[in-house]
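Contents: one structure, followed by commentary.
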Ligand SMILES: Nc1nc2c(ncn2[C@@H]2O[C@H](COP(=O)(O)OP(=O)(O)OP(=O)(O)O)[C@@H](O)[C@H]2O)c(=O)[nH]1
C-alpha cells in the first residue's frame with residue numbers, strides 16, 4: 001500500500017472505534033430513558049463533579065483542548081441551569097450560540113495541546129473568546145454579503161444558508177478531516193460533542209442537556225485516560241506496544257516462553273539513501289507486517305529499528321514457523337514511496353516533481369526459549385546473541 005494513503009488514514013481506526021462506542025452509549029441512553037429519568041436530579045448534581053474531575057485530569061495530562069472544551073460546556077451548563085445574568089441574551093441568540101459552540105469545537109480540533117495553566121492556555125482561552133466575538137459579527141458580514149449578491153439569480157436560493165449552514169458545513173469538514181488525520185481520541189471526542197451540539201440545535205435529539213453533557217464529558221474523561229495510557233505504553237511512531245509494555249509483560253509471563261529479537265537489515269544505508277522521513281515510514285510499515293505475526297506472538301518496538309516478539313507458552317520449534325512467515329512477508333512487501341525531486345536546471349522550473357518508487361527491506365531474527373533459572377533479561381540476551389548470528393550468516397534469516 002502506498003505510504004501517503006497509510007499516513008492519511010493513520011487516525012481512522014482509533015477514531016472509528018471511539019465514535020462507535022460513543023454512539024452505542026448514546027443509543028442505549030436514548031432507548032432506556034425510563035431507567036434513568038427518575039434520577040435526573042442526581043445526574044444534574046453529579047454532573048458538576050464529572051466536569052471538575054475531567055477538567056483537572058485533562059489539565060494534568062496536558063490535554064488542554066479537552067479541558068477548554070469542558071470549561072466552555074461548563075459555562076454553557078451553568079448559564080442554562082443557574083440563571084446567570086446573560087442567560088436570556090444567550091438563549092434569544094440561538095444562531096449565535098450554535099455557531100460559537102461549533103466554531104470553538106472545530107478550532108480546538110486544529111490547535112495543539114499545550115499546558116493549560118501557562119501562557120499558551122491563556123492564549124487558547126482568548127482564542128475561544130475571539131470565536132464567540134467573530135460569530136457575533138459574522139451575522140452582520142453575512143447580511144452584507146447577502147445584500148451584495150442578491151442580484152445574482154443563480155445565488156439567490158443559496159444565500160439564506162450563508163449565515164449559519166455554510167459555516168457549519170465548513171466546521172464539520174474541518175473536524176472530520178482532523179479526526180482522520182490526527183491519531184488521537186481528543187479530536188474524536190470533539191467531533192462527538194459537535195454532533196450532539198448540532199443535533200440539539202436542529203432538534204434531532206430530545207434528551208435533557210444534563211444527560212447529554214454527562215455523556216460528552218465522560219467521553220472526554222475516557223479519551224484522556226486512554227490517550228495517556230497509549231502515550232505511556234505505545235510507541236508513537238509505529239503504535240506498537242513499547243519497551244515499557246514489554247517490561248510489564250515480562251512480570252506476568254509463566255516459566256515457558258520464547259523470545260525473538262528482530263532487526264531491519266542495513267537500515268542505516270536505507271536512511272542514508274532515502275532520508276530519515278522515508279525511514280520512519282518504512283519502520284511503520286514493517287511494524288504493521290510484524291503485528292500480523294501468527295502463533296500468539298506479541299510484538300513490541302524494542303527501540304530504533306529493533307523489535308521483540310514474545311511467544312508465551314511456546315518453544316522455539318513452535319515459534320519458528322510464525323517467524324519465518326513474518327520474515328518472508330517483510331521480504332515480499334513492496335513498499336511504494338513517493339520522493340519529491342526538483343526538476344533539472346534546464347527545465348527552468350521550480351515546480352516539484354514527485355517520483356514513485358518501490359523499495360523493500362529484509363529483517364534478521366534471533367530467537368531463544370527460556371530455560372530453567374534464566375531470567376527474562378537473560379533470555380532476551382540469548383535472543384540478541386542469536387540475532388547477531390543471523391546477521392553474521394548473511395542476514396534475512398532466522399537463527400537460534
Ligand atoms: N528513520 C529512522 N531511523 C532509525 C530510527 N531508529 C534508529 N534508526 C536508524 O537505524 C540505523 C541502525 O543502524 P545500525 O545499527 O548501524 O545497523 P544497520 O544499518 O541496520 O545494519 P545491520 O543491523 O548490521 O544490518 C541507524 O542509522 C539509526 O539512525 C527511527 O526511529 N527512524
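State whether the residues of region 242-253 include one that is more than 21 Å from residue 399 (Cβ to Cβ), within 11 Å of the ligand (Cβ to nearest atom) and either modelled with pLDDT of 90 or more or crowded, with 19+ Cβ neighbours inside 10 Å (or both). No, that holds for no residue.
For region 307-327, which positions are within 16 Å of the ligand (Cβ to nearest atom) and more than 24 Å from the chain's Cα centre (by Cα)? Across region 307-327, the qualifying residues are 308, 327.
Output yes when any residue across region 335-349 is outside any loop (DSSP other than H, G, I, E, B), touching a strand residue (DSSP E or B) at 6+ places or on another chain (Cβ under 6 Å) and modelled with pLDDT of 95 or more, and no when none is. Looking through region 335-349, none of the residues is outside any loop (DSSP other than H, G, I, E, B), touching a strand residue (DSSP E or B) at 6+ places or on another chain (Cβ under 6 Å) and modelled with pLDDT of 95 or more. Taken over region 254-274, the criterion of being surrounded by fewer than 17 Cβ atoms within 10 Å (Cβ to Cβ) and in contact with a strand residue (DSSP E or B) (Cβ under 8 Å, 6 or more places away or on another chain) is satisfied by 254, 256, 274. Being modelled with pLDDT of 85 or more and out of contact with any helix residue (DSSP H, G or I) (no Cβ under 6 Å at 6 or more places or on another chain) is a property that residue 127 has. Residue pairs whose Cβ atoms lie under 8 Å apart, separated by 6 or more positions or on different chains, with the first residue in region 267-281 and within 14 Å of residue 335 (Cβ to Cβ) and the second more than 8 Å from the ligand (Cβ to nearest atom) and modelled with pLDDT of 90 or more, are 267/361; 270/361.
Scanning region 373-393 for residues that are free of Cβ contacts under 8 Å to residues at least 24 places away in the same chain and under 17 Å from residue 313 (Cβ atoms) returns a single hit, 374. When 134, 102, 142 are checked against the criterion of being in a helix (DSSP H, G or I), modelled with pLDDT under 95 and surrounded by 15 or more Cβ atoms within 10 Å (Cβ to Cβ), 142 stands alone in meeting it.
Taking the conditions (1) at pLDDT 90 or above; (2) assigned by TED's automatic domain parsing to the domain that holds residue 74 in turn, residue 205 satisfies each one other than (1). Got at least one residue in region 40-61 being surrounded by 14 or more Cβ atoms within 10 Å (Cβ to Cβ), under 15 Å from residue 220 (Cβ atoms) and modelled with pLDDT under 90? Yes: region 40-61 contains one or more residues that are surrounded by 14 or more Cβ atoms within 10 Å (Cβ to Cβ), under 15 Å from residue 220 (Cβ atoms) and modelled with pLDDT under 90.
Residue-wise test of (1) more than 13 Å from the chain's Cα centre (by Cα); (2) assigned by TED's automatic domain parsing to the domain that holds residue 57.
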{"position": "166", "(1), (2)": "yes, yes"}
{"position": "173", "(1), (2)": "yes, yes"}
{"position": "181", "(1), (2)": "no, yes"}
{"position": "191", "(1), (2)": "no, yes"}
{"position": "200", "(1), (2)": "yes, yes"}
{"position": "220", "(1), (2)": "yes, yes"}
{"position": "227", "(1), (2)": "no, yes"}
{"position": "252", "(1), (2)": "yes, no"}
{"position": "259", "(1), (2)": "yes, no"}
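Here region 145-170 is the region considered, the condition is being assigned to a loop (DSSP other than H, G, I, E, B) and touching a residue at least 24 places away in the same chain (Cβ under 8 Å), and the residue that is farthest from residue 95 (Cα to Cα) is 163.
Which residues, taken from region 355-399, are assigned to a strand (DSSP E or B), under 20 Å from residue 250 (Cα atoms) and more than 14 Å from the ligand (Cβ to nearest atom)? Hits for region 355-399 are 367, 368, 369.
If the condition is being more than 9 Å from the ligand (Cβ to nearest atom) and touching a strand residue (DSSP E or B) at 6+ places or on another chain (Cβ under 7 Å), then region 275-300 contributes 285, 286, 287, 290, 291, 293, 295, 296, 297, 298, 299, 300. Within the set 78, 70, the sole residue that is out of contact with any helix residue (DSSP H, G or I) (no Cβ under 6 Å at 6 or more places or on another chain) and at pLDDT 90 or above turns out to be 78.
Within 27 Å of the chain's Cα centre (by Cα), assigned to a helix (DSSP H, G or I) and within 16 Å of the ligand (Cβ to nearest atom): does that describe residue 271?
yes
Considering only residues in region 245-268 that are assigned to a helix (DSSP H, G or I) and touching a helix residue (DSSP H, G or I) at 6+ places or on another chain (Cβ under 6 Å), the one that is nearest to residue 228 (Cα to Cα) turns out to be 245.
The values are calculated or read from the model by the stated rules, or taken from the named source; none is laboratory data. Everything quoted here is computed from the prediction, not taken from an experiment. Positions of Cβ are backbone-derived with ideal geometry, glycine not excepted, and every protein chain shown enters the neighbour counts.
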